[in-house]
């Protein structure tokens, strides 16, 4: 089993945990210890959220529970099922659209589920695990499959496990697995005073 | 200057960085080094996003640029201005609602801005800084002030700086600053097989 690392080619120093998180598609067979999975959701739990509303929930299944594993896997789009089926753990995130304290719309529900997901992914990196998050899911199928109430919305999919050998992937996916990581430069998104005016913080 | 730490009272072990991030309101006067601010946005830059669309932007200002600092501060609701005005750096996050590759709606725009914000907050923790994120802003006022285009939406506010003395806060805010951190238990949001069915991963 290979452990293909792909640290971000950063333009300024960042913490190692943030640098080493990435989204591989090659997963090893090795099951994930329950204590480690518990730590992932504990990390999500301590994310910050608007009014501390904690709008996140997760639906998770491991391969030793094949029926529930399959139910989660089948909410992913076909392309994602193709590689995610090798991950020992699959999950979905769910957002609550209403504030518990007053029933009003929570504009930051997806935002705060994203914060919890980022925490979860970094805890995974910290434990030698890897996570691939997927926008490519069928949220309405997931709602029906799991009885998610109308007050909530299914957000994203997760494949979770130990690193695997990129050679286990199709030729096309191997290319993506080995390709350099890319992001637009900070000067394209950090502004001061007016939209589009590059902040001196990130200007060269 | 006090450095009031408030590690999460975790129910399962999590990485120290995740454990020590919290949202204080007491900020010290000490300005933040430009290199550290650059690292914060670099950390945000390497967040994961749907189709790698990177829908995040930031509008930032430091106290040594009083005009632009004031412009950001005044987009916060009054209550937040009251304490955030002591932070040496203030910022806003902005989400792009459209995918650059096809112009379609990005359902995960807020989610992925949340992931970038979580990265930024953890990088801050790593550098001895602290961040308080705010949902309490006036997004339309911010749009007008900074000329944010209609394709984008202003998401949240940030106060950024070094830790300060909780005694600098009003009595009411001091209470919040010293109060225990609280989250609902993982058993209330980690499910398997069906909505509401607690996953054995987090069951006691």
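Couple of notes before you dig in:
- Where a residue in the stretch B:40-67 is on the phi > 0 side of the Ramachandran plot and its partner, wherever it lies, is assigned to a strand (DSSP E or B), with Cβ under 9 Å and at least six apart: B:54/B:96
- The set of residues in the stretch A:101-122 being at negative phi and over 17 Å from the mean Cα position of the chain (by Cα) consists of A:101, A:102, A:104, A:105, A:106, A:107, A:108.
- In this structure, residue B:143 does not satisfy being within 28 Å of residue A:20 (Cβ to Cβ) and either more than 8 Å from every other protein chain (Cβ to nearest Cβ) or out of contact with any strand residue (DSSP E or B) (no Cβ under 7 Å at 6 or more places or on another chain) (or both).
- Scanning the stretch B:142-164 for residues that are assigned to a loop (DSSP other than H, G, I, E, B) and exposed (fewer than 15 other Cβ atoms within 10 Å of the Cβ) yields B:147, B:149, B:150, B:151.
- Checked against (1) touching a strand residue (DSSP E or B) at 6+ places or on another chain (Cβ under 7 Å); (2) closer than 23 Å to residue B:43 by Cβ, residue A:21 meets all criteria but (1).
- Just one of the listed residues (B:182, B:171, B:177) is more than 9 Å from every other protein chain (Cβ to nearest Cβ) and free of Cβ contacts under 8 Å to residues at least 12 places away in the same chain, namely B:171.
- Filtered residue count, the stretch A:169-204, keeping only those that are in contact with a helix residue (DSSP H, G or I) (Cβ under 9 Å, 6 or more places away or on another chain) and part of a helix (DSSP H, G or I): 5
- Among the residues of the stretch B:70-80, the ones that are over 11 Å from residue B:159 (Cα atoms) and within 12 Å of chain A (Cβ to nearest Cβ) come to 2 in all.
- Checking each residue of the stretch B:16-27 against the condition of being facing chain A (nearest Cβ under 7 Å), touching a residue at least 60 places away in the same chain (Cβ under 8 Å), in contact with a helix residue (DSSP H, G or I) (Cβ under 8 Å, 6 or more places away or on another chain) and crowded, with 21+ Cβ neighbours inside 10 Å gives at least one match.
- Condition check for residue A:121: surrounded by 21 or more Cβ atoms within 10 Å (Cβ to Cβ), closer than 28 Å to residue B:8 by Cβ and in contact with a helix residue (DSSP H, G or I) (Cβ under 6 Å, 6 or more places away or on another chain): no
- From the options A:53, A:91, A:44, residue that is closer than 22 Å to residue B:156 by Cβ, in contact with a helix residue (DSSP H, G or I) (Cβ under 9 Å, 6 or more places away or on another chain) and crowded, with 24+ Cβ neighbours inside 10 Å: A:44
- Of all residues in the stretch A:94-118, those that are surrounded by fewer than 19 Cβ atoms within 10 Å (Cβ to Cβ) and either closer than 23 Å to residue A:27 by Cα or touching a strand residue (DSSP E or B) at 6+ places or on another chain (Cβ under 7 Å) (or both) total 4.
- The set of residues in the stretch B:161-191 that are more than 21 Å from residue A:116 (Cβ to Cβ) and within 17 Å of the chain's Cα centre (by Cα) comprises B:161, B:162, B:163, B:177.
One line per residue, one yes/no per condition, for (1) more than 8 Å from chain A (Cβ to nearest Cβ); (2) closer than 30 Å to residue B:185 by Cβ:
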position: B:12; (1), (2): no, yes
position: B:29; (1), (2): yes, no
position: B:35; (1), (2): no, no
position: B:48; (1), (2): no, yes
position: B:66; (1), (2): yes, no
position: B:90; (1), (2): yes, no
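Computed from the coordinates by the stated procedures, all read-outs in this text should not be read as laboratory data. None of these values were measured; they are calculated from a predicted model. Positions of Cβ are backbone-derived with ideal geometry, glycine not excepted, and every protein chain shown enters the neighbour counts.
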